[in-house]
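The values are calculated or read from the model by the stated rules, or taken from the named source; none is laboratory data. Computed from a prediction, not measured in an experiment: that's the story for all the values here. Here the Cβ positions follow ideal geometry from the backbone for every residue, glycine too, while neighbour counts run over all protein chains shown. Note: areas computed on protein heavy atoms with side chains; ligands, DNA, RNA excluded. Shrake-Rupley method; radii C 1.70, N 1.55, O 1.52, S 1.80 Å.
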Amino acid sequence: MTTTIPTPLALIAELTHRCPLHCVYCSNPLELQSRGLELSTEVWSRVLREAAEAGAMQVDFTGGEPLARPDLVELVRAARSAGLYVNMITSGLPLDERRLADLVNAGLDHLQLSFQGLQEDAASEIAGTRALEQKLQVVRWARAHRVALTLNFVIHRQNLDRLEEMIAFGEESGAGRLEFAHVQYYGWAFANRERLLPTRDQVERSILLLQQAEARLRGKVRVEYVAPDYYAKYPKACMGGWGHKLMLITPTGDVLPCHAAQVIPGLRFDNVKNKPLREIWDSSEAFQKFRGEDWMQEPCRSCDRRTQDFGGCRCQAFLLAGDPAVTDPVCTLTPRHLIVEEIIAAANAASPEVPAAKPDWLYRPNPA
Amino acid sequence: MNPEKHARPRLAPGCRLSEPNRAPRMLQMPERALRLNGPSLEIVERCDGRHTVQQIISELQKIYSKAEPERVEKDILGYLALLQEQQALEFTVEDAAEQK
Ligand SMILES: C[S@@+](CC[C@H](N)C(=O)[O-])C[C@H]1O[C@@H](n2cnc3c(N)ncnc32)[C@H](O)[C@@H]1O
Ligand code: SF4
Ligand code: SF4
């Protein structure tokens, strides 16, 4: 059976791995790239045009911290002139009002600002630095400059009991959209999992609260949430399917089908410095490897849900079961779900107030 | 809820038409997009903060002169309500002093 090659919808552009924050939940890879290896303004501008020509409608500038790139205004302009909808995913540092105005004038369509929490000390412990005050400032500037704003709260064992506070703040903030993302266990989050994984009570309560908020605020503020992976019955449709909708470019130009794909041993990636983007999307080994259904094993191969969740996440299958080609162990239909059940059992053995057995956070460093 | 006829709709921050050289035309919004065909594109192009709802109706009734005028009006109001539900529109209403 041949797999027809779909059109990419959006490009996730990781402009840099540099970042002034050190979030313990950061999904970036453990091996971070340094400034000297980052793609130049010229290469990014070409790649943005190539992405639009391949059919992409949107670019998400992310990282690391996209604001750490001195040429960000220029890149926003390049993306707009390529015909893309320009989204920036940011911690809000380093930024002043003048630079935000420049970004908006250059064509920034939407800004997604992430929060570690609303209690200064607790948020600083997660971020490894003090950043809350500046984020509150960015919310005010975004309103003043009429740029569409989403607030992103990454939620986990340490801050779930303050969810009401986050919802109430978001409601009054002037943001059009609130995103509550349960931590996904990749990169630094995987390393800090024991202290981040919530209890079942926390998860159930959070889903109820978010459903209520979603209904109450409908038509006023959009409330969206990313389900807690390990507690789900079926896995998430990671990236909308491997090589199906999205592609990610790392700071050095490697093109990935998923944020975490570099953890999979032996998978070879092509680089935008050597090949046109469309060619990479269509035929690179990494994209072809798990595109479509040919690679699937049981129980996915004969399961009706395979067109909806694509068998889950390949990187998660590798991280949890040691094999990227098996059903995502999050799925309750595979015997490998036992792996997840054991992890969950450990997370529920103690209440969130009890300090974890593993006392130290592993903070994400800022590469040179 | 139908929008008032003397209000002037415009696209909310973060909502805009995709570039004219890219087909199909879309209304792009944060994390979502609406595909636009003939009449819906005509409507969205007029949500510019200058046209009132009534003016949009009159102009489209001219463009679609073969269709029943009441039908056109009803469709436009329905579509504007849908955009409003999507948080894609802002309405401005001038006070009487400004209208003179
Ligand atoms: C890796 S960050 C890079 C952009 C910017 N530094 C920021 O934090 O907003 C991209 C987005 O993913 C979120 N994020 C980071 N790690 C995550 C994880 N393990 N699970 C879920 N969301 C995560 C962040 O909150 C942010 O919205
Ligand atoms: S450390 Fe935090 S702010 Fe920096 S890239 Fe990771 S998630 Fe974003
Ligand atoms: S068996 Fe595979 S396709 Fe079926 S629900 Fe589980 S992960 Fe999805």
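Given a 1.4 Å probe and the protein chains as shown, A:HIS145 ends up with an accessible area of around 60 Å². Taking the Cα centre of the protein assembly as shown as reference, the dipole from Cβ charges on Lys and Arg (+1) and Asp and Glu (-1) amounts to some 720 debye.
Residues with beta-carbon under 15 Å from that of A:GLY117, excluding A:GLY117: net charge, scoring Lys, Arg +1 and Asp, Glu -1? Could you put the intermediate results ahead of the total?
Numbers: positive: A:ARG130, A:LYS135, A:ARG157, A:ARG162, A:ARG195; negative: A:GLU120, A:ASP121, A:GLU125, A:GLU133, A:ASP161, A:GLU164, A:GLU165, A:GLU179.
The answer is -3.
When DSSP assigns beta bridges and you keep just the ones with both residues in the protein assembly as shown, what percent turn out antiparallel, to the nearest 5? Roughly 30 percent of the DSSP beta bridges within the protein assembly as shown come out antiparallel. Using the Cβ-Cβ distance between B:GLU94 and A:THR7 with R0 set to 56 Å, the FRET efficiency from 1/(1 + (r/R0)^6) comes to roughly 0.80.
The modelled label-to-label distance for the pair B:ARG50/A:LEU333, using points 7 Å beyond Cα in the direction of Cβ, is 5.6 nm. Pop out the Kirkwood hydrodynamic radius of the stretch A:115-216 from its pairwise C-alpha distances, inverse of mean 1/r, in Å to one decimal. Taking the inverse mean of 1/r over all distinct Cα pairs, the stretch A:115-216 comes out at 14.5 Å. In a fully extended conformation the segment linking A:ASN105 and A:ARG130 would gain 6.1 nm over its present Cα-Cα distance, using 0.36 nm per residue. Within the stretch A:232-256, whose backbone N sits under 18 Å from a point 7 Å along Cα→Cβ of A:GLU74? Residues A:251-253 fall inside that zone. The modelled label-to-label distance between B:SER58 and A:ALA122, using points 7 Å beyond Cα along the C-beta direction, is 5.7 nm.
Excluding same-chain neighbours fewer than eight residues apart, the aspartates and glutamates reachable from A:LYS236 by a Cα-Cα span under 14 Å are A:ASP309, A:ASP328. Shape class for chain B, computed from the alpha carbon gyration tensor (a ≥ b ≥ c): oblate, with a/c not under 1.5 and a/b at or below b/c.
Across peptide B:9-21, the average count of Cβ atoms from other chains found within 10 Å of a residue's Cβ is 4. The stretch B:40-100 and the stretch A:4-73 have Cα centres spaced 39 Å apart.
Entry comment: accessible area of the stretch A:1-105 is 38 Å² per residue, from protein heavy atoms only and a probe of 1.4 Å.
Taking other residues whose beta carbon is less than 13 angstrom from the beta carbon of B:ASN37, and scoring Lys, Arg as +1 and Asp, Glu as -1, yields -1.
Of the options A:VAL263, A:ALA350, A:ILE167, report the single residue whose Cα projects farthest towards the positive end of the charge dipole of the protein assembly as shown (beta-carbon charges: Lys, Arg +1; Asp, Glu -1). It is A:VAL263, whose Cα lies furthest towards the positive end. Of the accessible area of the protein assembly as shown, computed with a 1.4 Å probe over protein heavy atoms only, carbon and sulfur atoms account for 51 percent. Once both labels are positioned 7 Å from their Cα atoms along Cα-to-Cβ, the gap between A:LYS273 and B:LEU17 label points is 4.2 nm.
Taking 15 Å as the straight-line reach from the Cα of A:LYS220, the aspartates and glutamates in range (excluding those fewer than 8 positions away in the same chain) are A:GLU171, A:GLU172, A:GLU179, B:GLU85, B:GLU90. Take each residue of peptide B:23-36, count the partner chain Cβ atoms within 10 Å of its Cβ, and average: the result is 3. Think of chain A as a dipole: +1 on every Lys or Arg Cβ, -1 on every Asp or Glu Cβ, centred on the Cα centre; then among A:ILE339, A:VAL154, A:SER114, A:SER114 lies furthest on the positive end. I'd like to know which of A:TYR230, A:LEU72, A:PRO367 lies farthest towards the positive end of the charge dipole of the protein assembly as shown, counting +1 on Cβ of Lys and Arg and -1 on Cβ of Asp and Glu. After comparing all options, I get A:LEU72. The alpha-carbon of A:LYS233 sits under 30 angstrom from the alpha-carbons of these lysines, leaving out residues fewer than 8 places away in its chain: A:LYS245, A:LYS289, A:LYS358.
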